[in-house]
1. Anyone know which of ASP157, ASP72, ASP90 comes out most mobile in the 10 Å Cα GNM of the chain?
2. Expected output is a single nm value to one decimal: the length gained when fully extending between ASN39 and ALA26, i.e. 0.36 nm times separation in residues minus the C-alpha distance. What is it?
3. Excluding the sites themselves, what is the longest stretch of the chain that contains no GluC sites (Glu not before Pro) in a DSSP loop with at most 12 other C-beta atoms within 10 Å?
4. Can you work out the FRET efficiency for the pair ARG2 and HIS168, with r the C-beta to C-beta distance and R0 = 25 Å, to the nearest 0.05?
5. With springs only between Cα atoms under 10 Å apart, run a GNM on the chain and tell me which of THR175, THR53, THR114 wobbles the most.
6. Could you point to the label whose value was computed as Rg and Dmax of the Cα atoms in Å for the structure here, given [x] 14.8, 46; [y] 15.8, 55; [z] 17.0, 56?
7. Looking at the chain as a GNM with Cα springs under 10 Å, which of HIS174, HIS151, HIS123 has the largest mean-square fluctuation?
8. Which angle between 0 and 90 degrees, to the nearest 10, do you get for helix 99-108 versus the longest principal axis of the chain when only C-alpha atoms count?
Amino acid sequence: MRIITGSARGCRLKTPKGAEVTRPTADRVKESLFNILGNLVQERKVLDIFAGTGNLGLEALSRGAASAVFVDKATAGLIRENLELTRLSDKGTVRSGDVFAELSRQSAAQAGFTLVFCDPPYHQGLWQRALVQIDGSDGLMAEEGILVVEHGADENDYPELSRLQLVHNRRYGHTTQISFFQWRSYMEAEEDEV
């Protein structure tokens, strides 16, 4: 697994040894994801939850994102090592702990992230739970924020959302799909309530 482009281009990331703790995003999927985002990554304030190796957040930093917060209980030390390897430590903060508790803390702090990556283990209901919590959070994401969710190709049970709107979805083979969400404008949200 490597950084595809930007300031840390070609840097190989460390991955966990022994028991499989993470399911890293394949390079071809990551490349497609970032091609879809294009220049929208630049100067973004990134939140990478269920971060694993830090692959997605590190790629965003390498491509010009302003800062990133990485959250993963099992791999926080590994993410710190990868931040050092890519020479992006000055732009990254690592939080070790429960993702859902951290989402609450960041919301209370009015963090205003403009790009959020959510890449949990498949088939455990974690991405749906995260979507619902983010949708109901005030201050976690900025109004122009983009949320990118990686989930199983057969996981199509989207939860009911009031503020996040699915704007794009792409499938990769029989295993993976990526869904892109944005905040609906307040005008659209008000129209829906009438």
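Just so you know, all these numbers are worked out from the coordinates, no wet-lab data involved. This one's a predicted model, so the numbers in the text were calculated from it and none came from an experiment. Here the Cβ is made from the backbone with ideal geometry for all residues, glycine too, and neighbour counts use every protein chain on show.
1. Of ASP157, ASP72, ASP90, the most mobile in the Gaussian network model is ASP157.
2. 2.6 nm
3. On the way: sites that count: GLU20, GLU43, GLU160.
Value returned for the longest uninterrupted segment is 44-159.
4. After rounding to 0.05, the efficiency reads 0.50.
5. THR175
6. Evaluating Rg and Dmax of the Cα atoms in Å on these atoms matches [y].
7. HIS174
8. In the chain, helix 99-108 runs at an angle near 60 degrees to the longest axis.
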